[in-house]
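K.L.:
Here it is: the structure, laid out below.
The values are calculated or read from the model by the stated rules, or taken from the named source; none is laboratory data. Computed from a predicted structure; not experimentally measured. Don't worry about glycine lacking a Cβ; one is built from the backbone with ideal geometry, like all the others, and counts go over all protein chains shown.
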Amino acid sequence: MDTLRTLTDLDERGIGVEALDLDLDTTTAAGRLVVRVMASLAEWERDLLIERTREGLEAARRQGRVGGRPRALDEKDQAAIKASLEAGLSVADVARMHGASTRTISRVKSGTY
C-alpha cells in the first residue's frame with residue numbers, strides 16, 4: 001500500500017498526480033477512486049501469489065521434496081572432517097584439504113551443517 005500512502009502524502013501537500021497515458025487525475029474524486037481500486041487489486045494479486053507459493057511449498061514437502069541448494073558434503077565427507085578436526089588439524093587446514101570454506105567446516109564441527 002505504499003502507492004496509496006505516497007499519493008495521500010502528496011495530496012495532503014497539495015500535489016496532484018496525473019497519468020497522461022491512462023487519463024487519470026488524482027485531483028478528482030473519480031481519479032482517486034480508480035487509483036485506490038488499482039492499488040487494492042495489486043495488493044490482492046500479491047497476497048494471492050504469496051498464498052499460492054506457500055501452498056505449493058507445503059504440497060512439495062508433503063511429497064518429500066525439499067528445496068534449496070544440495071549439500072556439498074555427504075555423510076562420509078562430514079565424518080572425515082570431524083576426524084581431521086579431532087586429530088588436531090585447524091579449520092583452515094581441513095577446509096583446504098576438502099575444498100570447502102572455513103564456514104562450512106565450522107558448521108560441520110558444531111553440528112549445524
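K.L.:
Got a number for residues in region 80-100 being surrounded by 13 or more Cβ atoms within 10 Å (Cβ to Cβ) and part of a loop (DSSP other than H, G, I, E, B)?
P.N.:
Qualifying residue count for the region: 2.
This table checks each residue for (1) among the polar types (S, T, N, Q); (2) exposed (fewer than 10 other Cβ atoms within 10 Å of the Cβ).
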{"site": "Thr6", "(1), (2)": "yes, no"}
{"site": "Arg13", "(1), (2)": "no, yes"}
{"site": "Gly16", "(1), (2)": "no, no"}
{"site": "Ala29", "(1), (2)": "no, yes"}
{"site": "Ser40", "(1), (2)": "yes, no"}
{"site": "Trp44", "(1), (2)": "no, no"}
{"site": "Leu49", "(1), (2)": "no, no"}
{"site": "Ala60", "(1), (2)": "no, no"}
{"site": "Gly67", "(1), (2)": "no, yes"}
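K.L.:
How do the pairs read when you match residues in region 36-58 that are at pLDDT below 95 with residues anywhere that are assigned to a helix (DSSP H, G or I), using Cβ under 8 Å and keeping only pairs 6 or more apart or on different chains?
P.N.:
These pairs meet every condition: Arg36/Leu4; Ala39/Thr3; Ala39/Leu4; Ala42/Thr3.
K.L.:
Sticking with this structure for a sec: What single numbered condition from (1) assigned to a helix (DSSP H, G or I); (2) surrounded by 12 or more Cβ atoms within 10 Å (Cβ to Cβ) fails to hold for Leu73?
P.N.:
(1)
K.L.:
Follow-up question, since we're still on this one. Please go through region 1-22 and pick out each residue that is assigned to a loop (DSSP other than H, G, I, E, B) and out of contact with any Gly (no Cβ under 9 Å at 6 or more places or on another chain).
P.N.:
Step one: of region 1-22, the residues assigned to a loop (DSSP other than H, G, I, E, B) are 1, 13-17, 20-22.
Listed by number, the residues that qualify are Met1, Arg13, Gly14, Ile15, Leu20, Asp21, Leu22.
K.L.:
Report, by residue number, each residue of region 103-113 that is surrounded by 14 or more Cβ atoms within 10 Å (Cβ to Cβ) and without any contact (Cβ under 8 Å) to a residue 12 or more places away in the chain.
P.N.:
If we filter region 103-113 for residues that are surrounded by 14 or more Cβ atoms within 10 Å (Cβ to Cβ), which is where we start, we get 104-109, 113.
Answer for region 103-113, where residues must be surrounded by 14 or more Cβ atoms within 10 Å (Cβ to Cβ) and without any contact (Cβ under 8 Å) to a residue 12 or more places away in the chain: just Arg107.
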